[in-house]
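Visitor: Right, I'll just put the structure down here and ask away after.
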Amino acid sequence: MAGVRIERLVTSGTFSLDGGTWDVDNNVWIVGDDTEAVVIDAAHDADAIAGALGGRALRAIVCTHAHNDHIGAAPELAARTGAPVLLHADDLELWKQTHPDRAPDAEPADGQSLTVAGVELTVLHTPGHTPGAVCLYAPRLSALFSGDTLFAGGPGATGRSYSDFPAIVRSIRDRLLTLPGGTVVHTGHGETTTVGAEAPHLQEWIDRGF
């Protein structure tokens, strides 16, 4: 669509869970036009995200899941812009580990959609990496924002608390691999891929009955 664009901002910080802390680079995705936008995963640096937005109205801050590296800057960005923070209800327990005194503003459900600059983003609940992990699908842009559910090379990590490997494979099989193969997957870390490119990586696990 004319005027609508997808922008990637990479921010750096740490991810902490289960007593460990790791340095990470996160993708912050901004979808919109010259007037308005949504932010998908406000990671680490509210100043950098606000700078990338410029003077655009921020309609929502959507959290694909509640690991601290994906939500760390969300409350500050919300306070600066007035935008609501959206997080699936099943990740509230994780959210409280990072922001115990500030709840999300809304709890998007599977199938719910939000519109920015005339583009509809549909919430797909994809548990596995975390219980409340979601992806956002924008068919008019041939785009999927996968958070940490799907990466170039396969599923997101499931070796820590709140994660479930069979669940993430089922989520990808049932909710993501059913999308058109040319759909571009904008991931939470690293480079983009496509649904079609990832299908072969997952076939082994699907064949094993996950």
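Please treat every number below as a calculation from the coordinates, not as lab data. Since this is a predicted model, take the numbers as computed values, not measurements. A quick note on method: Cβ atoms are made from the backbone with ideal geometry, for glycine too, and the neighbour counts reach across all protein chains shown.
Visitor: Tell me, ARG140, ARG80 in order of fewest to most beta-carbon neighbours within 10 Å?
Guide: Details: ARG140 11, ARG80 15.
With the fewest neighbours first, ARG140, ARG80 line up as ARG140, ARG80.
Visitor: As an exercise, use a Förster radius of 22 Å and the Cβ-Cβ distance of GLU76 and SER142 to find the FRET efficiency, rounded to the nearest 0.05.
Guide: Details: r = 32 Å, r/R0 = 1.46.
So the FRET efficiency works out to roughly 0.10.
Visitor: Still on this structure: Treat the count of other C-beta atoms within 10 Å as a stand-in for reagent exposure and order SER12, SER146, SER171, SER161 from fewest to most.
Guide: Numbers: SER12 13, SER146 32, SER171 25, SER161 10.
In increasing order of surrounding Cβ atoms, one gets SER161, SER12, SER171, SER146.
Visitor: Moving on to the next point. Shape call for the range 5-207 from the C-alpha gyration tensor, a ≥ b ≥ c root eigenvalues: rounded (a/c under 1.5), prolate (a/b greater than b/c) or oblate?
Guide: On the way: a/c = 1.62, a/b = 1.19, b/c = 1.37.
In terms of gyration-tensor shape, oblate.
Visitor: Placing +1 on the Cβ of each Lys and Arg and -1 on the Cβ of each Asp and Glu in the chain, which of PHE15, PRO166, VAL119 has its Cα farthest towards the positive end of the resulting dipole?
Guide: Among PHE15, PRO166, VAL119, the one farthest towards the positive end of the dipole of the chain is VAL119.
Visitor: Next question, about the same structure. Give me the one-decimal nm value for the distance between modelled label points at ASP47 and ALA197, 7 Å along each residue's Cα-to-Cβ direction.
Guide: Output for this residue pair reads 3.4 nm.
Visitor: Another one. Quick one: grab the alpha carbon gyration tensor of the range 1-105, order the square roots of its eigenvalues as a ≥ b ≥ c, and give me rounded if a/c is under 1.5, else prolate or oblate depending on whether a/b is larger than b/c. Display every interim value, and only then the final one.
Guide: Values: a/c = 2.08, a/b = 1.56, b/c = 1.33.
Prolate is the answer for the range 1-105, as a/c is 1.5 or above and a/b outweighs b/c.
Visitor: Given R₀ = 22 Å, FRET efficiency for ALA103-ASP25 by Cβ-Cβ distance, to 0.05?
Guide: On the way: r = 28 Å, r/R0 = 1.26.
Approximately 0.20, to the nearest 0.05.
Visitor: Going toward the positive end of the dipole of the range 5-207, with +1 on Lys and Arg Cβ and -1 on Asp and Glu Cβ, which of HIS88, ALA43, SER142 do you reach last?
Guide: Most positive-ward Cα: SER142.
Visitor: Kindly put PHE145, PHE15 in sequence by how many other C-beta atoms sit within 10 Å of each C-beta, fewest to most. Don't skip to the end; give the middle numbers.
Guide: On the way: PHE145 27, PHE15 20.
Listed from fewest to most nearby Cβ atoms, that is PHE15, PHE145.
Visitor: Could you identify which residue out of THR192, THR81, THR178 has the top mean-square fluctuation in a GNM of the chain using Cα springs shorter than 10 Å?
Guide: It is THR178.
Visitor: Please work out whether the range 100-168 counts as rounded, prolate or oblate from its C-alpha gyration tensor, where a ≥ b ≥ c are the square roots of the eigenvalues and a/c under 1.5 means rounded, while otherwise a/b larger than b/c means prolate and anything else oblate?
Guide: Numbers: a/c = 2.47, a/b = 1.28, b/c = 1.92.
Taking the square roots of the gyration eigenvalues as a ≥ b ≥ c, the range 100-168 is oblate.
Visitor: Mind listing the long-range amide H neighbours of VAL24? Cut-off is under 5 Å, sequence gap 5 or more, other chains count too, H placed in the peptide plane at 1.01 Å from N.
Guide: GLY13, THR14, PHE15
Visitor: Per the helix-only calculation at 222 nm, which mean residue ellipticity applies to the chain, given -39500 (n - 2.57) for every DSSP H run of n ≥ 4 and division by its residues, nearest 500 deg cm²/dmol? It would help to have the intermediate numbers written out before the result.
Guide: Values: 6 runs with 47 residues, N = 210.
About -6000 deg cm²/dmol.
Visitor: Relative contact order of the chain, please, whole-number percent, based on alpha carbon pairs below 8 angstrom and at least 6 residues apart.
Guide: Numbers: 491 pairs, mean separation 31.4, N = 210.
Averaging sequence separation for qualifying contacts and normalising by length gives 15 percent for the chain.
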